[in-house]
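A.B. asks: Here you go, one structure.
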Amino acid sequence: RSLTVSAPATPDFTTVAGLKALLGEESATLTGTLTDAVVTFIAGTSDAVIKDATGSILYHKESGHGLLQGQTISGDVIVDAVLYNGINEITDLAATVEGEESAVEPEVVTLAQLAADYATYESAYVKVVGVTSQTTTTTKGNITGRQDATDYIIYTNVAIPVNAGDIFTAEGTVTKYNTTEELKVWKSADLTVTTPAPFLTATPATKTINATET
């Protein structure tokens, strides 16, 4: 899909970070430009992530965003966008979208990096390796993950069985629910247990005891 738009001489923004800096709790229509912005992640027909050299932003459109992973956006853009529940969101986009679908690898990060700098990683498509679950669950919801000395919430959007003590790798987007920062895993295939928690069994020994009548 390709749509050509024209921006004014002085754009409202020229980067994703510049766009995010303009957003508030009231929806705004803004016109600007982007350079080599990539569709890094597709969560479904309603949610996608767009990233340039300055940061990532969620594109959420209930009627469907129509984007493919790996496509790029450069040039003039018009967006409707808002800061919703701590998340910067594009809700409508008019832009020239180029390219075919292609795989994009997530950025490998640590939980310490996510915990220390939410602003940088907000909506970024990331991967964390070697996380130990502090939680046992079979439903969708929060898992408390620990890596080194950092605890961080991993939210699974689908039911994924995880036991306390499992070591896993997770991919998803960095988001926020109310005031809680978390890594949202959108699909079951994006959380894999690499080392199951230890499982101990005990077998009682047989011992003969000679009784003495008293």
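A.B. asks: Express the Stokes-Einstein translational diffusion coefficient of segment 81-197 in µm² s⁻¹, to the nearest whole number, given a Kirkwood radius over alpha-carbon pairs, 25 °C and a viscosity of 0.890 mPa s.
C.D. replies: It diffuses with D of about 163 µm²/s by this estimate.
A.B. asks: What residue among L68, V174, T54 has its Cα farthest toward the positive end of the dipole of the chain, where the charges are +1 on Lys, Arg and -1 on Asp, Glu, each on the Cβ?
C.D. replies: V174
A.B. asks: State, to one decimal in nm, how far the label point of T29 lies from the label point of D92, with both points 7 Å from Cα in the Cβ direction.
C.D. replies: Going by the 7 Å Cα→Cβ label model, 0.7 nm.
A.B. asks: Using packing as a proxy for protection, rank 50-56, 116-122 so that the peptide with the highest average count of other Cβ atoms within 10 Å comes first.
C.D. replies: 50-56, 116-122
A.B. asks: Here is a further query. In segment 40-71, whose amide N lies under 19 Å from the spot 7 Å out along Cα-to-Cβ of A189? List them in ranges.
C.D. replies: 40-49, 67-71
A.B. asks: Over all distinct alpha-carbon pairs, what is the Kirkwood Rh of the chain in angstrom?
C.D. replies: 19.1
A.B. asks: On to the next question. Add +1 for every Lys or Arg and -1 for every Asp or Glu among the other residues with Cβ under 10 Å from the Cβ of T72, and state the total.
C.D. replies: -3
A.B. asks: Can you give the calculated 222 nm mean residue ellipticity of the chain, where each DSSP H run of n ≥ 4 adds -39,500 (n - 2.57) and the sum is split over every residue, rounded to the nearest 500 deg cm²/dmol?
C.D. replies: Taken over the chain, the calculation gives -1500 deg cm²/dmol.
A.B. asks: OK, next. Sequence gap of 8 or more, or different chains, plus Cα separation below 30 Å: how many lysine pairs satisfy both in the chain?
C.D. replies: Pairs that pass both the separation and distance tests number 27.
A.B. asks: Now for a separate question. Tally Lys/Arg at +1 and Asp/Glu at -1 over every other residue whose Cβ is under 12 Å from the Cβ of I143; what's the total?
C.D. replies: Net of charged neighbours comes to 0.
A.B. asks: Can you tell which of G24, A43, A81 lies farthest toward the positive end of the dipole of the chain, using +1 and -1 charges on the Cβ of basic and acidic side chains (Lys, Arg; Asp, Glu)?
C.D. replies: Towards the positive end, the residue furthest out is A43.
A.B. asks: Which distance in nm do the two modelled labels at S46 and Q134 give, with both placed 7 Å along the Cα-to-Cβ direction?
C.D. replies: Spacing of the two 7 Å Cα→Cβ label points: 3.1 nm.
A.B. asks: Can you give the extra length, in nm with one decimal, that the chain gains between D151 and Y118 once fully stretched, where that is 0.36 nm per residue apart less the Cα-Cα distance?
C.D. replies: So the extension gain works out to 10.5 nm.
A.B. asks: Given a Förster radius of 41 Å and the C-beta distance between K127 and S63 as r, what FRET efficiency does 1/(1 + (r/R0)^6) yield to the nearest 0.05?
C.D. replies: 0.85
A.B. asks: Convex hull over the Cα atoms of segment 1-101, averaged projected area in nm²?
C.D. replies: Mean shadow area of the hull around the Cα atoms is 5.8 nm².
A.B. asks: What is the calculated FRET efficiency for T10 to T144, with r their C-beta to C-beta distance and R₀ = 41 Å, to the nearest 0.05?
C.D. replies: 0.30
A.B. asks: Taking the Cα centre of segment 136-214 as the origin, how large is its charge dipole in debye, to the nearest 20, when only Lys and Arg (+1) and Asp and Glu (-1) carry charge on their Cβ atoms?
C.D. replies: Value, rounded to 20: 180 debye.
A.B. asks: What number comes out for the charge environment of E62, summing +1 per Lys or Arg and -1 per Asp or Glu over other residues with Cβ under 13 Å away?
C.D. replies: -3
A.B. asks: For T179 and N163, compute 0.36 nm times the residue count separating them, minus their Cα-Cα distance, and round to one decimal in nm.
C.D. replies: Between T179 and N163, full extension yields an extra 3.2 nm.
Every number here is computed from the coordinates shown, using simple stated rules; none is lab data. Given the structure is predicted, the values throughout are model-derived calculations rather than measurements. Cβ: placed from backbone, ideal geometry, glycine included. Neighbour counts: every protein chain shown.
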